[in-house]
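Beneath this line is the structure, given in structure tokens, with notes to follow.
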Amino acid sequence: MNGLPRSRWFLRMTSLVASVAIVVTACSSAASPSPATTAVSTSQATTATSSQAAPAATSEKELEIISPWTSGGENAALNALVAVYQGQYPGVQFVNAAVGGGGNTAAQPMTLTRLQAGNPPDIWQGHGGADLLTNYVNPGYAKSLNDLWTSEGWYNVAPKALVSVLTKGSNVYAVPFGIHRVNMLWYNKKVLDAQGITFSDTMTLDQFFGYADKLKSAGITPLCLGDKDPWTSAVIFEDSLLANLSANQYSGLWTGATPMTDPAVKTATQTYAKYLGYINSDHSALTWDQATQKVMEGKCAATLMGDWAYGEFHNATPALTDNVDFGWVPAPGSGAMFSVNNDIAITATNVADPTNAMNFLKVVGSVPGQIAFNKLKGAIPWRTDVDPSVFPPYQQYSMAAYKSLTLVSSVSQGLAAPPAFVQALNDAVTQFGVSKNVDAFIQALAAAPLK
Ligand code: BGC
């Protein structure tokens, strides 16, 4: 059993069978490659099939990571980061336990099941703020990383606002992979050019809907959505909130200072309903990356999606050029705000082999790790000492935006409100997609728990 205690070996095998099953389910209708649990070593850099992979996870020299990163761009970014790690720590096998679906859809329940069973992966991906605290810190799963933060000097290079969403009391519990902006609109430039349309950073809702009408009458679907996983609809609702509420009002929604019954929330819900009048008819069969793919192919003009969509454009085959083939602007009416979604790496208090996990965390927070991962992921480095000029155009734009705009926490990605609220939001957007009942939607949010 490769040196593993029998109980750990049994738990590993049981959970691997479960994870492979989840990945296979998630894969069955997705267009993008969903890697099943795969093992990659420096000496043998091949991607194993799921049936080949299970035995590899029993190796004593392994690093298993659970994440939702199965799309083309996500997978490329994770592999680039692991390559930096394996360059520094040769001989450790990477066990990729990614579970597709994005958002908090499938990887998070998988992680929680493993944690509850006392069988943590070495590392898992989460989001700072409410997600980290409620799911992982409060139940006692996440390991405090104070010593690592001090020895790596990270407190000197991390924005204070970022450290605060990773901290409870005097303990810091995660190392960020990068910082994503949620409120973005991605478009096919050639499709817009052909219609004489130019989106701008200051585009208002009225301007956008005017362009959308023009596109529609030319037979072009203005917006592609893939809401097979409902969090993608929650992204559009979040964009609608940001366009209709001030940053203070928006942030007050999660403390209770702004009631869900505030008239501005009703207006935002009407905006959200209006957006849904411009989407593709096959939206419920698609994932977020399949919707992004349709924009690349010119099957619709644009998509409202967090900037992980950049990873798809950036890694497309054949290659696409920024600001020639595709472009980006903030979600209409939300240009003054940067809705933050930070992906974070967490390890467990009872991780079986802390050495690999701690070494990987060091690489995640290092300058080479930050560059390798974020270049491909569409996120920006969280460290303030990384040279923006080594990044592609989008990240340079986003790094400047992060410095100058008002930062708010994303609700659709689980940072602003606790998991029970996010679940209620996902249920409410699913219902709303069918009923378009504004009052019922607001009542559902008003009844959702904020604590
Ligand atoms: C994660 C991103 C990921 C996206 C889609 C978000 O919740 O933070 O890292 O790319 O979901 O999978």
Cα extents of the chain along the three principal axes, largest first (Å): 65, 48, 41
Virtual spin-label span in nm between residue 116 and residue 216, 7 Å along Cα→Cβ: 4.4
Under 5 Å, built H, 5+ apart or other chain: amide partners of residue 326: 189, 321
Nonlocal amide H pairs with residue 179, under 5 Å, H built at 1.01 Å: 380, 382
Radius 13 Å from Cβ of residue 228, net charge of other residues (Lys, Arg +1; Asp, Glu -1): -4
Mean Cβ neighbour count within 10 Å, used as a protection proxy, ranking 218-229, 64-75 highest first: 64-75, 218-229
Net length gained if the chain between residue 451 and residue 323 were fully extended (0.36 nm per residue, minus Cα distance): 41.8 nm
For segment 86-217, radius of gyration divided by Kirkwood radius, i.e. Rg to Rh on alpha-carbons: 1.12
Segment residue 443-residue 190, length gained on full extension (0.36 nm per residue, minus Cα span): 86.9 nm
Proximal lysines to residue 375, defined as alpha-carbon separation beneath 19 angstrom and excluding residues fewer than eight positions away on the same chain: 362, 403
Dmax and Rg, reported as Rg then Dmax, of segment 56-106 (C-alpha, Å): 11.7, 33
Spatially proximal lysines relative to residue 216 (Cα-Cα < 22 Å; intrachain offsets below 8 disregarded): 189, 190, 274, 294, 299, 436
Cβ-based net charge around residue 330, under 14 Å, with every Lys or Arg adding one and every Asp or Glu removing one: -3
Highest to lowest packing among 389-401, 169-181, scored as the average C-beta count within 10 Å: 169-181, 389-401
Helix 205-217 axis, angle to the chain major axis (alpha carbon atoms, nearest 10°): 80
Debye log10 I(q)/I(0) for segment 273-354, one point scatterer per Cα, at q = 0.10, 0.14, 0.16, 0.20 Å⁻¹: -0.37, -0.63, -0.76, -1.03
Virtual spin-label span in nm between residue 171 and residue 427, 7 Å along Cα→Cβ: 3.1
Residue-wise HN-Hα coupling along segment 188-194, computed from phi with Karplus coefficients 6.51, -1.76, 1.60 (Hz; x: Gly, Pro): 8, 5, 5, 5, 5, 4, 4
Quotient of Cα Rg and 2.2 N^0.38 Å for segment 166-324, N being how many residues it contains: 1.14
For segment 145-257, diffusion coefficient by Stokes-Einstein and Kirkwood Rh (Cα), 37 °C, 0.692 mPa s, µm²/s: 183
Residues of type lysines that residue 451 reaches as a straight line, Cα spacing below 19 Å, ignoring anything fewer than 8 places off in the same chain: 168
Contact order relative to length of the chain, as percent, for alpha carbon pairs under 8 angstrom and 6 or more apart: 23
Extension gain, residue 261 back to residue 150 (0.36 nm per residue minus Cα-Cα distance, nm): 35.5 nm
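Taken together, the values in this text are just the output of simple stated rules run on the coordinates, not laboratory data. The model shown is predicted, which means the values in this text are computed figures rather than measured ones. Reconstructed Cβ throughout: ideal geometry from the backbone, glycine too, with neighbour counts over all protein chains shown.
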